[in-house]
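The values are calculated or read from the model by the stated rules, or taken from the named source; none is laboratory data. What you see is a predicted model, and the numbers here were worked out from it, not measured in a lab. Cβ placement follows ideal geometry from the backbone for every residue including glycine, while neighbour counts extend to all protein chains displayed. The protein model used for the area step is the full one, side chains on, heavy atoms only, and it has no ligands, DNA or RNA in it. Shrake-Rupley method; radii C 1.70, N 1.55, O 1.52, S 1.80 Å.
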Amino acid sequence: MSKALERRAKLREDLVLAAEKSVARGGLAGLKTRDLARQIGCANGAVYNLVEDVDELILRVGSRTLARLDATLSSTEREGPASPQEMLVRIAVAYCDFAAENLELWRALFEHRMERGKPIPQWAIDEQMNLFRHIYHPLTKLFPKWNADELGITTRSLFSAVHGMVSLGLEQKLIAVPIAVLRHEIATIVKAMVHGLAITPARK
């Protein structure tokens, strides 16, 4: 790699890291390319030689957040033997803890909207979908007779339920819930959902 390309790669990395710190401090609303350019020592216009646009920059920050979330959930899976139901509870609680500890970066994953008419790049979709395996795999053990479509739908339903509880529980408003209580309630709901699925008549 030439020195020019090495410098560009380093500058691009610095840009994403600076954007990540900015989002962590003040959310997406505080992300300004002019400030980022000053921090990494380049002209504001040069930012768009490093990324296509602000959408890509936010997606690159999100990619780093998803990678850390993936590592957290993988570490949780390695904590010791557990039944599939217990593993789903572990994953759900770990997701809650990650969101609480990385609140603005976690919020940015769901608050960001692409420019109208512009699709999300396939690489970003693939990274998001890859995380569903942490729910999908325990479900395959709980319900070995279910087909891939059934498992996929239930995977998304479980995620939606837990994500909704986390999102509402962490709101800094009247509905905010102490983190210890939120963790307990999430565990209770996941257990109840798995139990309910187990006694529901087989799908046709």
Which order do the peptides 99-108, 4-13, 86-95, 112-121 take when ranked by the mean count of other beta-carbon atoms within 10 Å per residue, highest first?
86-95, 99-108, 4-13, 112-121
Taking a ≥ b ≥ c as the square roots of the Cα gyration tensor eigenvalues, with a/c under 1.5 meaning rounded and otherwise prolate when a/b beats b/c or oblate if not, the stretch 92-139 comes out oblate
Kirkwood hydrodynamic radius of the stretch 7-62 from all distinct Cα pairs, in Å?
10.9
Given all pairs of different Cα atoms, what value in angstroms does the Kirkwood hydrodynamic radius of the stretch 12-104 take?
14.8
Just want the answer: with Cβ charges of +1 for Lys and Arg and -1 for Asp and Glu, which residue in ILE186, ALA198, ILE40 is farthest toward the dipole's positive end in the chain?
ILE40
Taking the dipole of the stretch 72-121 about the Cα centre (Lys, Arg +1; Asp, Glu -1; charges at Cβ), the one of GLY117, ALA100, LEU73 that reaches farthest to the positive side is GLY117
Length-normalised contact order of the chain in % [C-alpha pairs under 8 Å, at least 6 apart]
21
So, with +1 on the Cβ of K and R and -1 on the Cβ of D and E, and no other charges, what is the size of the charge dipole of the stretch 1-148 about its Cα centre, to the nearest 20 debye?
280
When a/c reaches 1.5 or more, the comparison of a/b and b/c decides; with that in mind, is the stretch 67-169 rounded, prolate or oblate per its Cα gyration tensor?
oblate
Whole number in Å², please: accessible area per residue of the stretch 1-87, 1.4 Å probe, ligands, DNA and RNA not counted.
56
Could you look at the stretch 105-147 and say what percent of its accessible area is carbon and sulfur, using a 1.4 Å probe and all protein chains?
55
Please sort by residue number the GluC sites (Glu not before Pro) in the stretch 133-203 whose DSSP state is loop and whose Cβ has at most 16 other Cβ atoms within 10 Å.
GLU171
Roughly speaking, what % of Cα-Cα pairs in the chain are separated by over 28 Å, rounded to a whole number?
38
In whole Å, how far is the Cα centre of the stretch 47-83 from that of the stretch 122-173?
16
Does the stretch 117-199 come out rounded, prolate or oblate, given a ≥ b ≥ c as the square roots of the eigenvalues of its C-alpha gyration tensor, rounded meaning a/c under 1.5 and, failing that, prolate meaning a/b above b/c?
oblate
Relative contact order (percent) for the stretch 128-186, with alpha-carbon contacts under 8 angstrom and 6 or more residues of separation?
24
Looking at the stretch 111-204, how many pairs of lysines come closer than 22 Å at the Cα, when each pair is eight or more places apart or spans two chains?
4
Report the relative contact order of the stretch 48-161, percent, no decimals, based on alpha-carbon pairs under 8 angstrom and at least 6 residues apart.
30
Scan the chain and note any complete DSSP helix (H) whose C-alpha atoms cover at least 20 Å along its axis and whose Kyte-Doolittle average is 0.0 or more.
54-77, 84-101, 148-169, 179-199
